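For reference, the structure is listed below as structure tokens.
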Amino acid sequence: MKIIHTISDLREVLNDFNRPAFVPTMGNLHAGHLALVRQAKPLGDVTVVSIFVNRLQFLPHEDFDTYPRTWEADCQALQAAGCDVLFAPNELELYPEPQNFKVQPPAHLADILEGHFRPGFFVGVCTVVMKLFACVQPRIAVFGQKDYQQLMVLKNMVRQFALPIEVLGGATLRAEDGLALSSRNNYLSAVQRQEATALSQTLHSMAQALRAGSTDLATIEQQAMQVLSARGWQCDYLVVRRRTDLQTPSTEQVATLAIEQGLVVLGAAKIGNTRLIDNLEV
Ligand code: PAF
């Protein structure tokens, strides 16, 4: 595996290839990331992973400074997963001057859910991904489905800018108790880690209610909030949405979409200081 820190070195190495398959990450890699690398590998003629903790997508009070950085372990894991090129620019390399040109995703996709609770998050994500795409010029890019809204926003970005890149989602990997793998799980104490399973359990209960024919979204969502709040969580959202555009389905649509597998339940909630997100397609 080649480890590369500059855009010019990256371009030189990738010159020999036609179909880079790319997995952008912020490092602190877990089995979920490595599964994305394995998914990407057979789809391209070179597998590129980036590690860059992108300041632009963090709010001032968020965890940019403390975001876990585990460089040695990440390198070893990527090598074992078959990564060919690891692109790890520092901030000055990717943002040598203030990044004033930004990608502004549309409000109906990016100011809801995560974007509502983390204003500017998707501007930061789209801007860095656009820039990483310009560096790597991939033909395939793979993102985790755990960040469901991020995947949707990025698919729309690629389509609207007519970028010649196929964007694929990779399935969420889970611990045995159902907790979705995430770098932020590292922040959890042992007791919080045990409790954390309640988020995916609650999403399961919501999905089950929909599959059983309930169309009363308000009740499903409120009950879910109550369950988690009673266990000490601070809930940002626990909602049922259409898969296609993450908008709220009408009551008439709920039953049909539940049968046609056109719904997704999404949740974000804090346990202690750690904010976890998860989703389940229904
Ligand atoms: O999902 C992530 O890790 C990040 O949001 C991404 C896509 C690498 C952009 O910084």
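Filter the stretch 42-68 for residues that are under 22 Å from Gln104 (Cα atoms), out of contact with any Pro (no Cβ under 8 Å at 6 or more places or on another chain) and within 13 Å of the ligand (Cβ to nearest atom) and give the result.
Val53, Asn54, Arg55, Leu56, Gln57, Phe58, Glu62, Phe64
Just checking, does the stretch 141-159 include any residue being at pLDDT 95 or above, away from the ligand (no atom under 15 Å from the Cβ) and either part of a helix (DSSP H, G or I) or closer than 18 Å to Asp245 by Cα (or both)?
Yes, the conditions are met somewhere in the stretch 141-159.
Let me spell it out: the conditions are (1) buried (at least 20 other Cβ atoms within 10 Å of the Cβ); (2) at pLDDT below 95, and Trp233 meets all of them except one. Which number is the exception?
Going through (1) buried (at least 20 other Cβ atoms within 10 Å of the Cβ); (2) at pLDDT below 95 one by one, Trp233 breaks only (2).
For the stretch 160-192, enumerate the residues that are closer than 25 Å to Thr244 by Cα, β-branched (Val, Ile, Thr) and either surrounded by fewer than 16 Cβ atoms within 10 Å (Cβ to Cβ) or within 13 Å of the ligand (Cβ to nearest atom) (or both).
Val167, Thr172
Can you run down the residue pairs with Cβ atoms below 6 Å, 6 or more apart or on separate chains, where the first is in the stretch 261-282 and under 19 Å from Ser229 (Cβ atoms) and the partner is among the basic types (Lys, Arg) and not in a strand (DSSP E or B)?
Thr274/Arg184
Yes/no per residue for (1) part of a helix (DSSP H, G or I); (2) among the aromatic types (Phe, Trp, Tyr); (3) under 22 Å from the mean Cα position of the chain (by Cα):
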position: Arg184; (1), (2), (3): yes, no, yes
position: Thr219; (1), (2), (3): yes, no, no
position: Ala224; (1), (2), (3): yes, no, no
position: Cys235; (1), (2), (3): no, no, yes
position: Asp245; (1), (2), (3): no, no, yes
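The values are calculated or read from the model by the stated rules, or taken from the named source; none is laboratory data. This is a predicted model, so every value here is computed, not measured. Note that we place each Cβ from the backbone using ideal geometry, even for glycine, and neighbour counts take in every protein chain shown.
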